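Data first, discussion second: the structure below is written as structure tokens.
Please treat every number below as a calculation from the coordinates, not as lab data. Bear in mind the structure is a predicted one, so any value in this text is a computation, not a measurement. Glycine gets a Cβ as well: all are built from the backbone with ideal geometry, and neighbour counts include every protein chain shown.
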Amino acid sequence: MSLRHRVPVSTIMTKNIISLNSTDKLDTAEKLFKEHHIRHIPVVDGSKIIGMLSLTDLLRISFADGAYQDESEVETIVYNMFTIPQVMAKNLKSVSTNTTIKEVAQILAKNEFHALPVIEDGNLVGIVTTTDLINYLLEQY
């Protein structure tokens, strides 16, 4: 198998980005996760990224035991207790559009997160996830 070594991340990143604002509510985030079957949503202020919210972050705070109540009710109560800036990851690593897929793979393999914002001239232009990477690798076989 010979991977083309200099392929830029821009060829596999998601360009039509679903994003959130810091003022959005967490239940809005949950709806987006479910509706679009995604696991990471960049939080933006205009075209600048200020954080990344993952489905895991959301699940971590909706641990409230819903055994005796309507589960969605419990989630709504819990979600109203937190704001997106409180839950999102803030110290983000980012890559540029010409970062190679190999470099992206190395960053994702070393770290605990599964998505990287792709930035060009300070603006968010894409997002690349471990899933994008795996799909790319599968195409090479």
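Worth pointing out:
- Check: the chain dipole with +1 on Lys, Arg Cβ and -1 on Asp, Glu Cβ, in debye: 760 debye
- Mean sequence separation of contacting Cα pairs (under 8 Å, at least six apart), scaled by the length of the range 9-140, corresponds to a relative contact order of 31 percent.
- Quarter of the Cα convex hull surface for the chain, i.e. its orientation-mean projected area (nm²): 9.5 nm²
- Pairs of Lys in the chain closer than 29 Å at Cα, counting only those 8 or more apart or on different chains: 28
- Computed over the Cα atoms of the range 4-48, pair by distinct pair, the Kirkwood hydrodynamic radius stands at 12.2 angstrom.
- Net charge of neighbours whose Cβ lies under 11 Å from the Cβ of Thr56, counting Lys and Arg as +1 and Asp and Glu as -1: 0
- About its Cα centre, the dipole of the range 74-141 is roughly 200 debye, where the only charges are +1 on Lys and Arg Cβ and -1 on Asp and Glu Cβ.
- Dipole of the chain, positive end: most advanced residue of Ile77, Asn98, His37 [Cβ charges, Cα centre]: Asn98
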